[in-house]
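Q: Quick one: the structure is below, questions incoming.
What follows is calculated from the coordinates using simple rules that are stated; it is not laboratory data. Fair warning: this is a prediction, and the values are worked out from it, not measured in the lab. Because the Cβ atoms are built from the backbone with ideal geometry, glycine has one as well, and the counts that use them run over all protein chains shown.
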Amino acid sequence: MEAGTTWPAVRPEVVAEVVGGLSARLQKRLDGAAAKLAARPVERSGDDWRVAVDEEAELVLHAPGGVVVDQAGVRCGCLLAPACVHRAAAVTVCRLAEDEQEPVPPADATAAAPPADAGGEQPPAAAPGPEAPLTPAESAAVRHLYRAAAAVLAAGVGGAGAVVQAELLRAGHRARLAGLHRPSAAAVAVVTRVRAARSGEPDHRLADLVAAVRELLELTTAMVNGHGGTADLRGTARQTYAEAGGLRLYGLFSEPVLTATHAGVLTWAVDATGRLSTVAEVMPHADATAAAPQAVGAGGRAVRLGDALLSHREFSRAGLVVQGATRSAGGRLGAGASVKAVRAAGAAWTAEPAAGLWAEPAAAQVERALSAATSPYEGRPAGSDLLFLDVTLLGAAPHGAAGPARLLADCDGLVVALRAAHDHPGLAFRGNLALLATAPGLRLRVIGRLERAARPELRLLAVAPAPDGPGQAGPHDQAGVPSLALPADRAGRVNLGLERLQTADLSLPERLAGPFPQPHPEPLPGPVPERLHDPVGPVEQAGPDVSVRAPDAPDAPDVPVHLLTRRVEQAVTGGRPALALGTGKAGTLDADGARLRAAGLATGAALLGGLRAAAGDQPRDVFGRVVADDHEAFTTAWLAAACYSEELASALCAGGWARQEEEVAPVL
């Protein structure tokens, strides 16, 4: 018997069923009971997890494979079982199990029907085509899901307890049985992020929660309004793989994958036509402390593709010849029994077909990434959010007045802030960026993921020496520019999340050797974004070819989009009462609307006013007490403000990357 283990996962429909079986009196006690149960020790014996409820009763969770698949797997020894609060508290504490995306063989024209729930409800015998209009059953399921999502939004994180979450999971399960798989998955994502926010998990990000709520409401609103006849809105039950024939793949890089429930590695490759593909090795983890070591260790595991005998790290620098390949719409390669693969030579980033990825202008790459972000994740082309850039490092500089230092780089005259792709201390990202910050003037060819911000930001994933810079090994050039001198087994590239750079990998001029220099108090010439400072003194020390903005060039526009965004986020965290109670605080919302109008954002000001009015416009009875309503007006106003903020942020990000031509001047 193992003591001190974590709780198993549970299917979302099981949570809905167990919580729904409680009486109204016990539902009021559920959140408190869940908090007490979460503090009790858990013991595991095989597929059973045991928790002592009190001195006489014991709670047993039967979870084959670590997942509770039906409500019969939750057993309690108290007198009130099975209608006791202990069973409901247990499924509330357990994390939600993720749907396994099994590949569909290309020749299989029939899709497996989703399973029936424990209550005996069966899915429809014949599902409509993906482009068919919504059936009455589907329409009812979508409206149920919309009302449940609106209730979560109106309650906010603080008010969305176990009962509200269970109702959303029930609606999501109903949508899945109706064949609406994308809305169902969006509902589970919202509940997962609400739980993370309520429990204060370290990987919780408010922006992710807002995005999840917005996506769910966008989907349900589009379907309610009659736009549900497209396959994109319906989604698919399983990931479909199509025949790709013979492929010649060249490895690009590998990145660690780290989530609250899974960890592993994802390796990217490019074929002869320039299309990107991925091979993953991701497995569930039972303990968050072991997630990062599991992700790093997965880089040394063999690539599961045919009979290829190479690890993910090796594949990121080598190649594969694949016969009978299958590939999903998102670029994931299938590993079926008919797939054959043998190891082959790789290609440098400066040679075709990899070099073609860097030929596209930076602004066009950003437009492509922002456009792909509006598509369903499963249908996005592989690598649509990646940027391939040639940069020259400028060094580290503080972010804002007293913020942490960040690494700056010059990309064709545009100052780009380079950030770690993941902040987990168990990964190598942060240490590698700190070492690169000691080498201003270093020319690099980089791969990163776009960070949407008003000023250019990039989350670095992999680096290599730039083609026009000094060689991979040997002394620096006559101009005193540092170089990247990597060992031969690195093949001229570094996977920043899996491999750690050493000081010996950097060939530095004498003026840069030694301890990491402190930021210089003098700012760079011109209004550099966020008042970023040069760490080594005058900007000329970064190299003779470095360009920055001209002193008289206009800075990035100061658009107060945060005035609307923070109200959108406030509604998600505090719910409808947070905005309704704040309407009379010294005209704060009125002042925000005036600032938006002054900045030329009249639409944003109108949406903010509409959100405030909808939050406070609640029906009351004859005694002045608030009467529960469907929150439809408030939800509509919030969704309009959230979508406007999203589009405005994307436009500002695209504009920040497109200003490089008119706002730069060389520093000689």
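Q: In nanometres, what is the gap between the two model label sites at residue 588 and residue 360, each 7 Å from Cα along Cα-to-Cβ?
A: With each label point 7 Å from Cα toward Cβ, the separation is 4.2 nm.
Q: Neighbouring Cβ atoms within 10 Å as the yardstick, rank 285, 181 fewest first.
A: 181, 285
Q: Given H placed on each backbone N at 1.01 Å, which residues far from residue 461 in sequence or on other chains put an amide H within less than 5 Å of it?
A: 447, 448, 449
Q: Under the rule of at least 5 residues apart or a separate chain, name every residue whose amide H is placed under 5 Å from the amide H of residue 394.
A: Hits under the 5 Å cutoff: 408, 409, 410, 441.
Q: While we're on this one: Based only on the alpha carbon positions, what is the Kirkwood hydrodynamic radius of the range 562-658, in angstrom?
A: About 14.2 Å, per the Kirkwood formula over Cα pairs.
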